[in-house]
Amino acid sequence: MNETVLLVEDDTQNRELLVEVLTQAGLAVKAVSNGEAAFALADEGPYGLVISDIQMGPISGLEVLRRFRDREPDTPVVLLTAFGGVETAIQAMKSGAFDYLTKPVNLQELILVVRRAIEHFRLIQENRQLKQAFGNRVRTGSIIGQSRMMLDIFKRVGKVAPTDASVLIYGESGTGKELIARAIHDHSDRASGKFMPINCSAIPETLFESELFGHTKNAFTGADRFRRGLIEEADGGTLFLDEVGDLPPLAQAKILRVLQDGEIRRLGSNESIRSDFRVIAATKFDLDELCSQGEFREDLLYRLKTVTLTLPRLADRKDDIPALAEYFLSRYSKDDQVVGFAESAIQMLKQYSWPGNVRELEHVIEQAVALADHRIISKEDLSISKKINMLTGDERQDGGRHADLSSASRIERSDLVTIYRTCGGNKARMANSLGMTRWSLYRLLQKHGIGPGSLEA
C-alpha cells in the first residue's frame with residue numbers, strides 16, 4: 001500500500017519543518033508549495049494522505065480537498081490553517097476532510113492524526129476487496145449467512161419452498177423469521193401471489209374476525225363499507241401468521257376451521273368463500289409447551305408444523321456478523337459516505353451478545369453510519385462499545401474513572417481549548433484524540449468551563 005504523504009504548504013519554513021517531522025516518523029513525503037503543483041503530482045498517486053494548508057492562493061486548501069475528493073475519493077485529506085474558527089472547521093469537515101488542525105500545529109497531534117488517516121486509507125483498500133468476498137456470501141433474500149446453522153436453514157428452505165407444505169418457524173425476536181417466510185414464498189409456485197403478513201399479537205381480539213375474514217356493509221356498528229379480509233387477500237399466495245403463539249383461544253379455533261375447510265365467511269354474510277393459500281407461521285414461544293399447559297390447541301399446532309425451522313440466535317452464529325454488517329452498511333451508506341469497518345469494530349461486533357439479534361445489529365450499523373465522522377467505522381462509532389467496555393463493580397468502575405481523570409488532569413486548559421476548536425466541539429473526536437472516555441472529557445470540560453460561547457473566557 002502507498003503510504004506516501006503529499007504535503008501542500010506555501011510557508012517555506014513550516015513546510016520544511018513538517019517534512020522533517022513526517023520523515024522522522026518513517027513516512028515518504030512529497031512536498032509542494034501550492035495547489036497547482038499538487039494537481040500536477042496527482043497522477044503519481046494514489047497517496048496515503050494529503051496534508052494541505054487552507055489559506056493559499058490562487059488555489060485554496062479547500063479546492064485541493066475537493067479536487068482530490070473527486071479524483072481519489074479514498075485518499076484522506078487533512079487541512080491546516082492559522083485562522084481557526086467554527087465555520088472553517090464545519091466547511092472543511094462537510095467537504096470531506098479527514099481532519100482539521102490549527103496552526104501552530106501540535107506535532108504530536110499531527111503524527112497521531114497522520115497515523116489514523118493512513119490506517120483509514122489502508123482499511124478502505126482492504127474493505128474494497130472484502131466487499132467482493134462478502135458479495136459472494138450465500139443469501140436468501142436479505143438473510144445472509146455462511147455459518148453451518150444458516151446453510152442448513154437455506155437448504156431446508158430450498159427443499160420446502162416448491163411444496164405447499166405448511167411451515168412453522170421458531171426463533172427469538174429479531175432473528176429474521178419474517179424474512180425466511182418471505183424467502184419461502186418468493187421461491188414457491190405462489191410467488192406471483194400476495195405475501196400477506198398478519199401480526200397475531202397486534203390485532204385486538206374484538207377486531208380479529210373483521211381483520212381476517214372481512215365484513216359486509218353494516219355488519220356491525222361502524223362498518224360503513226364492504227371490506228375483504230386478510231385471508232381472502234391471500235388467495236393464490238401465502239398467509240404468514242407472525243407471533244402465532246399470541247393467538248387467543250377463540251381466534252385459534254377460527255383459524256383451525258379455515259385451515260381445515262379452506263373457506264371463510266365474512267362478518268354479516270352467510271356466503272362461504274374459498275381461499276387457496278399456503279400458511280407459514282412463526283413464534284418465539286415453545287408451542288409444544290403451550291399445548292401441554294392448555295394455552296395452545298394441539299390440533300392447530302399439527303396443522304401448522306408440517307415442516308419446522310428453528311432460527312439460531314445471532315450470538316450462536318457470530319461468523320455471519322461481518323457479512324451482515326457489510327450488508328447493512330451498504331443499505332444505509334448513501335453515495336459511499338461510509339465504506340467499511342476497522343478490524344477492531346468487527347471484533348467488537350463479534351464480542352457483543354446481541355440480545356436483539358439481527359434486528360439490533362441492523363439498528364447499531366444504521367446508527368453508526370448516520371453518526372460516523374469518517375468513511376471507516378471504528379469501534380468507538382458503535383453504540384455497543386459503552387456496554388462492552390462498562391466496568392463491573394462499583395470499586396472497579398470508580399477506579400477506572402479516577403485513573404482516567406488522573407491522566408486527564410495533566411492537560412492544560414489552553415491545550416484543551418485548542419483541541420476543542422480543532423474538533424469543532426465534537427466530544428467523541430475529542431475523547432478519541434485524548435485517549436480518554438467521554439465521561440472523563442465531560443468532567444474536564446466542566447472543570448475548565450469550556451463549552452459553546454465560553455472559548456474566549
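Could you run through the range 350-371 and say how many residues are under 21 Å from Gly171 (Cβ atoms) and open to solvent by 10 Å² or more (accessible area, probe 1.4 Å)?
Qualifying residue count for the region: 10.
Kindly indicate whether any position in the range 205-222 is polar (S, T, N, Q) and either within 30 Å of Pro312 (Cα to Cα) or in contact (Cβ under 8 Å) with a residue 60 or more places away in the chain (or both).
Within the range 205-222 (the criterion being polar (S, T, N, Q) and either within 30 Å of Pro312 (Cα to Cα) or in contact (Cβ under 8 Å) with a residue 60 or more places away in the chain (or both)), the answer is no, since none of the residues qualifies.
Go through (1) touching a residue at least 12 places away in the same chain (Cβ under 8 Å); (2) over 40 Å from the mean Cα position of the chain (by Cα); (3) outside any helix (DSSP H, G or I) one by one and return the number of the condition Leu241 breaks.
(2)
Leu230 fails exactly one of the following numbered conditions: (1) open to solvent by less than 80 Å² (accessible area, probe 1.4 Å); (2) more than 14 Å from Leu267 (Cβ to Cβ); (3) out of contact with any Pro (no Cβ under 7 Å at 6 or more places or on another chain). What is the number of that condition?
(2)
Just checking, does the range 307-328 include any residue being over 24 Å from Trp354 (Cβ atoms), outside any helix (DSSP H, G or I) and modelled with pLDDT of 90 or more?
Yes, because at least one residue in the range 307-328 is over 24 Å from Trp354 (Cβ atoms), outside any helix (DSSP H, G or I) and modelled with pLDDT of 90 or more.
Take the conditions out of contact with any strand residue (DSSP E or B) (no Cβ under 9 Å at 6 or more places or on another chain), modelled with pLDDT of 90 or more and within 16 Å of Leu212 (Cβ to Cβ) and apply them to Leu304. Does it pass?
In short, no.
Name, by its number, the condition in (1) surrounded by fewer than 21 Cβ atoms within 10 Å (Cβ to Cβ); (2) in contact with a helix residue (DSSP H, G or I) (Cβ under 6 Å, 6 or more places away or on another chain); (3) farther than 26 Å from Gly158 by Cβ that does not hold for Phe296.
Looking at each condition in turn, Phe296 falls short on (1).
For the range 1-116, list the helices (runs of 4 or more DSSP H) that sit wholly inside it and hold at least 2 residues that are at pLDDT 85 or above and out of contact with any Cys (no Cβ under 9 Å at 6 or more places or on another chain); which are they?
Helices (runs of 4 or more DSSP H) meeting the threshold: 12-24, 35-40, 61-71.
Report, by residue number, each residue of the range 315-328 that is crowded, with 16+ Cβ neighbours inside 10 Å and either of a type in the set (A, V, I, L, M) or without any contact (Cβ under 8 Å) to a residue 24 or more places away in the chain (or both).
Ile321, Ala323, Leu324, Ala325
Quick check on Glu126: is it part of a helix (DSSP H, G or I), within 15 Å of Val339 (Cβ to Cβ), at pLDDT 80 or above and open to solvent by 50 Å² or more (accessible area, probe 1.4 Å)?
Numbers: part of a helix (DSSP H, G or I): yes; within 15 Å of Val339 (Cβ to Cβ): yes; at pLDDT 80 or above: no; open to solvent by 50 Å² or more (accessible area, probe 1.4 Å): yes.
In short, no.
Do we have any residue at all in the range 412-434 that's loosely packed, with under 13 Cβ neighbours inside 10 Å and modelled with pLDDT under 75?
yes
Do you know which residues across the range 34-55 are open to solvent by 50 Å² or more (accessible area, probe 1.4 Å) and among the small types (Gly, Ala, Ser)?
Matches in the range 34-55: Ala40 only.
Within the range 178-219, can you find the residues that are part of a helix (DSSP H, G or I) and either open to solvent by less than 10 Å² (accessible area, probe 1.4 Å) or of a type outside the set (D, E, K, R) (or both)?
Leu179, Ile180, Ala181, Ala183, Ile184, His185, Thr206, Leu207, Phe208, Ser210, Leu212, Phe213
Within the range 146-177, how many residues turn out to be within 18 Å of Ala323 (Cβ to Cβ) and open to solvent by less than 50 Å² (accessible area, probe 1.4 Å)?
Number satisfying all stated conditions: 9.
Answer yes or no as to whether His374 is under 30 Å from Val105 (Cβ atoms), open to solvent by less than 50 Å² (accessible area, probe 1.4 Å), at pLDDT 65 or above and touching a strand residue (DSSP E or B) at 6+ places or on another chain (Cβ under 9 Å).
When the stated conditions are applied, His374 passes them.
Any idea which residue in the range 329-349 is most open to solvent (accessible area, probe 1.4 Å), counting only those that are in a helix (DSSP H, G or I) and among the small types (Gly, Ala, Ser)?
Quick first cut of the range 329-349, residues in a helix (DSSP H, G or I) only: 329-332, 334-336, 343-349.
Going one step further and asking which of them are among the small types (Gly, Ala, Ser), we end up with 330, 344-345.
Working: Ser330: 72, Ser344: 52, Ala345: 0 Å².
By that ranking, first place goes to Ser330.
Take Asp242 and tell me if it is acidic (Asp, Glu) and more than 23 Å from Tyr170 (Cα to Cα).
no
Could you please give the count of residues in the range 260-287 that are closer than 12 Å to Leu304 by Cα and surrounded by fewer than 17 Cβ atoms within 10 Å (Cβ to Cβ)?
Looking only at that region, the number is 1.
Are there any pairs, at least 6 apart or on different chains, whose C-beta atoms fall under 6 Å, with the first in the range 6-24 and under 16 Å from Val113 (Cβ atoms) and the second part of a loop (DSSP other than H, G, I, E, B), and if so, which?
As it stands, the answer is Leu6/Tyr47, since those pairs meet every condition given.
Kindly evaluate Lys194 against the criterion of being within 15 Å of Arg266 (Cβ to Cβ) and in contact (Cβ under 8 Å) with a residue 24 or more places away in the chain.
For Lys194, the condition - within 15 Å of Arg266 (Cβ to Cβ) and in contact (Cβ under 8 Å) with a residue 24 or more places away in the chain - is not met.
The values are calculated or read from the model by the stated rules, or taken from the named source; none is laboratory data. What you see is a predicted model, and the numbers here were worked out from it, not measured in a lab. Glycine also receives a Cβ, built like all others from the backbone with ideal geometry; neighbour counts cover every protein chain displayed. Accessible surface is based on the protein model in full, side chains and every heavy atom, while ligands, DNA and RNA are left aside. Shrake-Rupley method; radii C 1.70, N 1.55, O 1.52, S 1.80 Å.
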